[in-house]
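Beneath this line is the structure, given in structure tokens, with notes to follow.
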Amino acid sequence: MEYAHNKYIKKYEFGNPYDTGAVVACIDKTAGIPERFRFDAKTDTFFYTLKEKDMVFGLGETVRGINKRGWIYVSNNSDDPVHDENKTSLYASQNFLIVDNGKDVFGVFLDNPGSVTFDIGYTDANVLSIHPEYNDTSFYVIEGASPLEIIRTFRELIGKSYIPPMWAFGYGQSRWGYKTAGDIREVAAGYKELGIPLDMIYMDIDYMQDFKDFTINPERFPDFENFVKEMKTEGIHLVPIIDAGVKIEEGYDVYEEGKANGYFCKKENGEDLVAAVWPGKVHFPDFLNEEASRWFGEKYKVLTDAGIEGFWNDMNEPAIFYTEDHLKEVFAQVKEFEQKELDIWGFFDFKDVVGSIANNPEDYRRFYHEFHGQKVRHDRVHNLYGFYMTKSASESFEKICPDKKILMFSRASYTGMHRYGGVWTGDNCSRWSHLLMNIQMMPGLNMNGFLYSGADIGGFGGNTTEDLMMRWVEFGIFTPLFRNHSALGTREQELYRFDRKEDFRHLIELRYALIPYIYEEFIKAVEHNGMYMMPLSFVYREDERCREIEDQLLVGEALMIAPVYEQNKTGRYVYLPEAMRLVRFRTYNDYDTEVLQKGDHYIKAALNEVLVFIRPGKELPLATPARQVDRINRKELQRISF
Ligand code: GLC
């Protein structure tokens, strides 16, 4: 690790912090309590008094607005598909935030892989408190003149963000429910027939034999290698899912090898933990153990050898449907309940016992890792599991396919994973509020280095509608990861299934026309440790109005976007912090433009129209779209400037 002398970062330590791998630079330790904070040793809580105008940004993948003030957030990676406002934890723990009142601004990063509660003016409106469940913490305070400066310093500390292959900036179609090669061919044909660009089709769990990682069901996918080739000649990359749990099945090589070498997570008594996920009973590979991690990572070779160049890692919080041990306890308790007359309290107790089988907190205390040669109980390092699964894959790609860039993103994450892959934001729902949540999550993700990120466009759970899908695509065309994904049993939402097929084609074409801009701005954000998508207040520091804007974003250096995210709206209010050129796109080459002055505007945007604002002195390059990213001529561009 490089030794960094950075006068803007102070590092404080409490207890015995783990070397989590979040940071890539050594910082001198400062003794005492973090500057600006008060520490209560009795409750292991750090307090900061919020000033009236303080806004709080960051924490990555969390519910609610861009300004996090007013709610409580718990870093505790959770497999929870109900992303309501009253949730405190989602799949990710990205423990960096910025407190900013426009004049005074500072950043905080808590390197602690256990559960950490950030109470940001919830219990007391004027207090930010940070409470790690186990206070083995490296606590960083980062100073700087502006949020962007602080973010740059923080990102120097945690290392450069992952860059996916260029084609991964294309459009991807996914659905939990594509079962056979035939299903996938049908999707490819559906898009091709209408001339809608498409670069990726995702393969969800059904491609596997009995949900076993690194297997292919030979009946559903006969001659898989040729199928991968066939799709590639169509310009399509197949991107399979890999789950964290390894099926317990005699004769299954991954199980046999893991068992024989002691690579699975163990209980206190040394036996391998038995949990259940999609395949039924599974063991969890101990990704925190270097040897086990190397072993699992090399398994991806089965698929890379077959021509696969991208993966999504899932269920790696890890999600636990049940553990064998807990299920036994539940059955015993249910028997006791059977003997009783259930009054209302008894009934509630019964419901609690039965309803708390999946992802039970007790289960996360039942197993251990071998981490840097130490036996560590899972809950103390819980938030590292998805990070280390992704690190395992990514490090192995350098060995098993050194000449290729591999697409990799994950559901669970922790600060530092951004060096190895991107994230998608998990099982959202087909709701208008989740489109807004997608918009509001992007700045926090970017601050934490997760530049290659995005949500399930159209919504994963529930039934989408044509208008929601269209508005979501209109925002999604700006997110680096641009994937339409939906759950088993929901309405099918491939774009060619809707009535307004032409409009969808135009929107996806617009994405492809924007690729030179998106890619260049993305790379700039990686290289300069900057933001690809950011709140207006990070740039327009003097403009008080920008501080409260929660539904417009700056995208790269030249653009501002103002997506429409409400049902039945044919326009919206937009605030311009300075004069800008509005471009109202219907297609990539059919648009009208107009210069608008600083201030408030009501701007019409019909269902098929996308609003883009070019900042003064900037220009927007547009390519001629192609069916795939690789076929775009990135040299011949038209430019709209202001
Ligand atoms: C999880 C994933 C989702 C996937 C499903 C089946 O819910 O988040 O994207 O489709 O598992 O694999």
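The values are calculated or read from the model by the stated rules, or taken from the named source; none is laboratory data. What you see is a predicted model, and the numbers here were worked out from it, not measured in a lab. Heads up, the Cβs are rebuilt from the backbone with ideal geometry, glycines too, and the neighbour counts pull from every protein chain shown. These accessible areas exclude ligands, DNA and RNA; they are computed on the full protein's heavy atoms, side chains included. Shrake-Rupley method; radii C 1.70, N 1.55, O 1.52, S 1.80 Å.
Yes/no matrix, rows are residues, columns are (1) part of a strand (DSSP E or B); (2) open to solvent by less than 50 Å² (accessible area, probe 1.4 Å):
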{"position": "Asp600", "(1), (2)": "yes, no"}
{"position": "Ile603", "(1), (2)": "yes, yes"}
{"position": "Thr624", "(1), (2)": "no, no"}
{"position": "Asn633", "(1), (2)": "no, no"}
Taking region 390-446 as the region of interest, how many residues are without any contact (Cβ under 8 Å) to a residue 24 or more places away in the chain and either within 16 Å of the ligand (Cβ to nearest atom) or closer than 17 Å to Arg294 by Cα (or both)?
2
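Please state which one of Ile151, Ile158, Ile205, Ile163 is open to solvent by 20 Å² or more (accessible area, probe 1.4 Å), touching a residue at least 60 places away in the same chain (Cβ under 8 Å) and under 20 Å from the mean Cα position of the chain (by Cα).
So the residue among Ile151, Ile158, Ile205, Ile163 that is open to solvent by 20 Å² or more (accessible area, probe 1.4 Å), touching a residue at least 60 places away in the same chain (Cβ under 8 Å) and under 20 Å from the mean Cα position of the chain (by Cα) is Ile163.
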Taking Glu474 as meeting all but one of (1) within 30 Å of Lys160 (Cβ to Cβ); (2) buried (at least 24 other Cβ atoms within 10 Å of the Cβ); (3) of a type outside the set (Ser, Thr, Tyr), write down the number of the exception.
(1)
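Based on this model, can you work out whether Glu338 counts as assigned to a helix (DSSP H, G or I), over 27 Å from the mean Cα position of the chain (by Cα) and closer than 30 Å to Asp136 by Cβ? Give the derivation first.
On the way: assigned to a helix (DSSP H, G or I): yes; over 27 Å from the mean Cα position of the chain (by Cα): yes; closer than 30 Å to Asp136 by Cβ: no.
So Glu338 fails the test.
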Log entry, pairs with first residue in region 67-83 being away from the ligand (no atom under 16 Å from the Cβ), second being assigned to a loop (DSSP other than H, G, I, E, B) and of a type in the set (Lys, Arg), beta carbons closer than 6 Å, six or more apart or on different chains, reads Trp71/Arg64
Return yes when Phe296 is within 25 Å of Tyr202 (Cβ to Cβ) and in contact with a Pro (Cβ under 6 Å, 6 or more places away or on another chain) and no when it is not.
yes
Of the conditions (1) within 16 Å of the ligand (Cβ to nearest atom); (2) of a type outside the set (Phe, Trp, Tyr); (3) surrounded by fewer than 18 Cβ atoms within 10 Å (Cβ to Cβ); (4) under 21 Å from the mean Cα position of the chain (by Cα), Ala487 clears all except one; give me its number.
(3)
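Being within 16 Å of the ligand (Cβ to nearest atom) and either of a type in the set (S, T, N, Q) or surrounded by fewer than 21 Cβ atoms within 10 Å (Cβ to Cβ) (or both) is the filter here, so list the residues in region 242-280 that pass it. Quick ask: steps written out before the conclusion?
Step one: list which residues in region 242-280 are within 16 Å of the ligand (Cβ to nearest atom), which gives 242-247, 275-280.
If the condition is that a residue be within 16 Å of the ligand (Cβ to nearest atom) and either of a type in the set (S, T, N, Q) or surrounded by fewer than 21 Cβ atoms within 10 Å (Cβ to Cβ) (or both), then Ala276, Trp278, Gly280 are the ones that fit.
Here's the yes/no breakdown for (1) more than 15 Å from Asn95 (Cβ to Cβ); (2) part of a loop (DSSP other than H, G, I, E, B); (3) open to solvent by 30 Å² or more (accessible area, probe 1.4 Å):
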position	(1), (2), (3)
Thr43	yes, yes, yes
Phe47	yes, no, yes
Glu52	yes, yes, yes
Glu61	no, yes, no
Arg64	yes, yes, yes
Lys68	no, yes, no
Asp80	yes, yes, yes
Of the residues that sit in region 304-321 and are touching a strand residue (DSSP E or B) at 6+ places or on another chain (Cβ under 6 Å) and not in a loop (DSSP other than H, G, I, E, B), which one is nearest to the ligand (Cβ to nearest atom)?
Asp314
Considering only residues of region 217-231 that are without any contact (Cβ under 8 Å) to a residue 12 or more places away in the chain and in a loop (DSSP other than H, G, I, E, B), which is farthest from the ligand (Cβ to nearest atom)?
Asp223
